[in-house]
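S.K.: Here it is, the structure, as structure tokens.
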Amino acid sequence: MSSSYSSPLLRLGVVLPALTVLKLSAHLAGVSDVLLHDHQLSSPLTSFSQLQEGLYLFRHGIDPYNGGTFRHSPLLLALFSSVLPSSKVFMATLLALCDAVAAWALVRTWRARQNVPSSARDGLVAAAYLLNPYNLLPSLALSTSPLESALLLLAVMFASQKKAAPSLLSLAFLSHLTPNAILFLPPLLLLLLTDPHSHLASPQKISFKRHKVLPLAVEFLLYVGVLTVASTLVAGNLNWVAQTWGTWFTLPDLTPNVGMWWYFFTEMFDHFRPFFLMVFSVHLLIYVAPLCIKFQHDPLYALFILTGILATFKAYPTLADMGLFLSMISIFPETFPYLRFPIVTSLLHLHSALLLPLFHHLWLTQGTGNANFYYASTLVFACSNGAAILDCLFAGLRIAVGKEVDGYDVVQE
């Protein structure tokens with residue numbers, strides 16, 4: 001192992017608090033005020049400004065879900081109106097802690113995968129998450145995306161440790177905030193019933209106690225049901241369902257983001273809209289079963305690939321969604337030698353990372369561009385995401401073949 005891994009500055013106990021304090025310092029320096037309304041860093045469902053607007057209405061006895069602009073969960077309303085303050089400073093502190101928890105959960109998942117109590121690489125894994133610009137900037141913009149990332153990584157961490165109840169509860173909370181997250185349930189159940197260790201190099205059909213699947217699924221649905229009832233009691237009616245969960249499938253808010261839905265449905269004729277909404281929504285379902293079957297020997301890797309797919313094709317993505325996928329690559333170092341085009345993929349992401357803010361500024365700030373400019377940059381971003389997903393998918397399959405031997409060719413029949 002490289003000596004740089006064992007450097008005192010890269011120890012988890014140094015990296016985690018140091019980068020958390022650095023992030024809080026950036027907020028106190030006024031960075032959050034600059035990034036607060038950036039469409040690349042927050043969506044209508046994660047925006048801090050819209051959360052504050054809903055809190056104002058809720059505190060004054062007005063149903064925030066009647067206006068058609070508030071999309072946050074009633075649980076966040078209850079939390080910030082009764083327990084937690086909703087100031088910018090507190091929100092920045094809370095999101096910094098969410099990032100710290102997410103990085104810690106990623107490190108614990110890495111340890112479970114390696115089956116070790118600790119490793120010299122822990123600090124690098126944490127830094128890969130905390131220093132990722134796709135994760136750092138949404139947190140500074142006070143988007144609630146870091147909370148969603150933390151919930152997913154906690155669910156994965158608990159599943160890796162065979163703690164079913166907290167894992168399913170974390171996923172239930174995440175599914176309550178982002179209904180698409182329910183697609184993580186199949187690989188998470190496989191992870192609970194098998195093990196998190198790397199089996200990519202020796203794939204084989206797995207055997208697990210199938211009779212345990214149904215009780216775990218029922219337990220998850222029970223948690224979702226309890227959260228749904230609690231949300232209904234907070235909101236006082238069921239209007240919140242259409243304004244939160246329904247938003248993911250009906251796309252009523254066409255605010256620009258880094259995804260591919262908003263421009264497509266801006267140009268869509270109304271009589272075609274229901275059909276294509278169905279196509280775009282159902283499209284996400286087709287990946288779950290093939291990934292779980294192909295990577296049944298390593299469900300953690302299946303969940304990792306699914307994270308990237310949802311980050312690319314979900315209705316209201318932010319940079320934090322793809323940032324989570326790119327950060328999770330750090331816990332699969334065994335696949336690094338088998339990546340085909342890592343430099344090209346990195347350059348694609350660098351290219352899109354420069355184009356997105358540039359074309360966003362030209363269109364919405366300077367007024368010298370139009371929507372086509374920004375949408376073109378989101379397509380480049382989608383291509384870079386696709387390149388990363390395909391490269392990781394190939395590496396996860398190619399590792400089973402092993403290193404190339406002179407005189408032999410690897411072919412696919």
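S.K.: Between Leu397, Leu152, Leu41, which gets the highest mean-square fluctuation from a Gaussian network model of the chain, Cα cutoff 10 Å?
M.R.: With Cα springs under 10 Å in the chain, the top fluctuation among Leu397, Leu152, Leu41 is at Leu397.
S.K.: Taking the Cβ of Ala242 as the centre, find all other residues whose Cβ is under 15 Å away and add up their charges (Lys, Arg: +1; Asp, Glu: -1). Write out the running numbers ahead of the final one.
M.R.: Values: positive: Arg71; negative: Asp63, Asp253.
So the environment of Ala242 carries a net charge of -1.
S.K.: Grab the other residues whose beta carbon is less than 14 angstrom from that of Thr69, score K and R as +1, D and E as -1, and report the net.
M.R.: Values: positive: Arg71; negative: Glu53, Asp63, Asp253.
Once positives and negatives cancel, what remains is -2.
S.K.: Can you quote the Å³ per residue value for the convex hull of the Cα atoms in the stretch 208-353, rounded to an integer?
M.R.: Values: hull volume 24.9 nm³, N = 146.
For the stretch 208-353, the hull spanned by Cα atoms encloses 171 Å³ per residue.
S.K.: State, as an integer percentage, the relative contact order of the chain based on alpha-carbon contacts under 8 Å between residues 6 or more apart.
M.R.: Values: 553 pairs, mean separation 80.0, N = 413.
The value is 19 percent.
S.K.: Using each residue's phi in the stretch 209-224, evaluate 6.51 cos²θ - 1.76 cosθ + 1.60 at θ = phi - 60° and report the 3J(HN,Hα) Karplus result to the nearest Hz, with x for Gly and Pro.
M.R.: Running phi through 6.51 cos²θ - 1.76 cosθ + 1.60 with θ = phi - 60° gives 7, 5, 5, 8, 5, 4, x, 5, 5, 5, 4, 4, 5, 5, 4, 4 Hz.
S.K.: May I ask for the longest run of the chain untouched by chymotrypsin sites (Phe, Trp or Tyr not before Pro) that are loop-located per DSSP and have at most 15 neighbouring C-beta atoms (other than their own) within 10 Å?
M.R.: It runs 1-207.
S.K.: Quick check: at a probe of 1.4 Å, how many percent of the accessible area of the chain sits on carbon and sulfur atoms? Working shown, then result.
M.R.: Details: 12590 of 18520 Å².
After summing per-atom areas, the C and S share lands at 68 percent.
S.K.: Which lysines, on any chain, are close to Lys294 with Cα under 29 Å apart, when same-chain ones fewer than 8 places away are left out?
M.R.: Partners within reach: Lys162, Lys163, Lys205, Lys209, Lys212, Lys314, Lys403.
S.K.: When the helix-only estimate is applied to the chain (DSSP H runs of n ≥ 4, each -39,500 (n - 2.57), divided by the residue count), what is the mean residue ellipticity at 222 nm, nearest 500 deg cm²/dmol?
M.R.: -19000 deg cm²/dmol
S.K.: Based on Cα positions only, what radius of gyration and what Dmax would you give for the stretch 255-309, in angstroms?
M.R.: Values for the stretch 255-309 (Cα only, Rg and Dmax): 15.0, 45 Å.
S.K.: Which longest run of the chain has no exposed loop site in it, a site being trypsin sites (Lys or Arg not before Pro) in a DSSP loop with at most 10 other beta carbons within 10 Å, and the site itself not part of the run? Could you put the intermediate results ahead of the total?
M.R.: On the way: sites that count: Lys205, Lys209, Lys403.
So the longest stretch without any such site is 1-204.
S.K.: Just to be sure I understand: with springs between alpha-carbon atoms less than 10 Å apart, which residue in Leu168, Leu379, Leu285 has the highest mean-square fluctuation in the Gaussian network model of the chain?
M.R.: Its mean-square fluctuation being the largest, the pick is Leu285.
S.K.: Here's another thing I want to ask about it. May I have the convex hull volume per residue, in Å³, for the Cα set of the stretch 42-178? Working shown, then result.
M.R.: Working: hull volume 14.6 nm³, N = 137.
That works out to 107 Å³ per residue.
S.K.: Only Cα pairs within less than 10 Å get springs; with that Gaussian network setup on the chain, which residue of Gly386, Gly236, Gly61 has the largest fluctuation?
M.R.: Result: Gly61 has the largest fluctuation of those listed.
S.K.: Where does the stretch 35-78 land on the Kirkwood hydrodynamic radius, alpha-carbon pairs, in angstrom? List each step's numbers first, then the result.
M.R.: Values: mean 1/r = 0.0933 Å⁻¹.
10.7 Å is the Kirkwood radius here.
S.K.: Can you compute 3J(HN,Hα) from phi for each residue in the stretch 194-200, using the Karplus curve 6.51 cos²θ - 1.76 cosθ + 1.60 with θ = phi - 60°, rounded to whole Hz and x for Gly and Pro?
M.R.: With coefficients 6.51, -1.76 and 1.60, one gets 10, 8, x, 5, 6, 10, 5 Hz.
S.K.: Give a residue-ordered list of calculated ³J(HN,Hα) values for the stretch 312-324 (Karplus: 6.51 cos²θ - 1.76 cosθ + 1.60, θ = phi - 60°; whole Hz; x for Gly, Pro).
M.R.: Karplus values, whole Hz, x for Gly and Pro: 7, 10, 6, 6, 10, x, 10, 4, 5, 5, 6, x, 5.
S.K.: Assign one of three labels to the stretch 118-207, namely rounded, prolate or oblate, based on the Cα gyration tensor with a ≥ b ≥ c the square roots of its eigenvalues; rounded applies when a/c is under 1.5, prolate when it is not and a/b is larger than b/c, and oblate otherwise.
M.R.: Working: a/c = 2.23, a/b = 1.28, b/c = 1.74.
Oblate is the answer for the stretch 118-207, as a/c is 1.5 or above yet b/c matches or exceeds a/b.
S.K.: Which percent of Cα-Cα pairs in the stretch 271-413 sits in each 5 Å bin, short to long?
M.R.: Per 5 Å bin, starting at zero, the Cα-Cα P(r) for the stretch 271-413 comes out as 2, 9, 15, 18, 17, 15, 11, 7, 4, 2, 1, 0 percent.
S.K.: Specify whether the C-alpha gyration tensor of the stretch 123-176 places it in the rounded, prolate or oblate class, a ≥ b ≥ c being the square roots of the eigenvalues: rounded for a/c under 1.5, otherwise prolate if a/b is larger than b/c and oblate if not.
M.R.: Numbers: a/c = 4.67, a/b = 1.49, b/c = 3.14.
Oblate shape, in that a/c is at least 1.5 and b/c is the bigger or equal ratio.
S.K.: Please tell me the relative contact order of the stretch 146-285 in percent, rounded to the nearest whole number, where contacts are Cα pairs under 8 Å and at least six residues apart. Present the calculation step by step, with values, prior to reporting the outcome.
M.R.: Numbers: 92 pairs, mean separation 29.3, N = 140.
Rounded, it is 21 percent for the stretch 146-285.
S.K.: For Cα pairs less than 8 Å apart in space and 6+ apart in sequence, what is the mean separation divided by the residue count of the stretch 305-400, i.e. the relative contact order in percent?
M.R.: Answer for the stretch 305-400 is 38 percent.
S.K.: Excluding ligands, DNA and RNA, what is the solvent-accessible area per residue of the stretch 43-91 at a probe of 1.4 Å, expressed in Å²? Mind showing how you got there, number by number?
M.R.: Values: 2110 Å² over 49 residues.
Per-residue value: 43 Å².
S.K.: Another one. Note the listed values (i) 91, 39, 36; (ii) 77, 54, 43; (iii) 70, 53, 53, then indicate which one is Cα extents along the principal axes in Å calculated from this particular structure.
M.R.: It is the value labelled (iii).
The values are calculated or read from the model by the stated rules, or taken from the named source; none is laboratory data. Just so you know, these numbers come straight off a predicted model, no measurement behind them. Note that each Cβ is placed from the backbone with ideal geometry, even for glycine, and that neighbours are counted across all protein chains shown. Quick note on the areas: whole protein, heavy atoms, side chains included, nothing else; ligands and nucleic acids left out. Shrake-Rupley method; radii C 1.70, N 1.55, O 1.52, S 1.80 Å.
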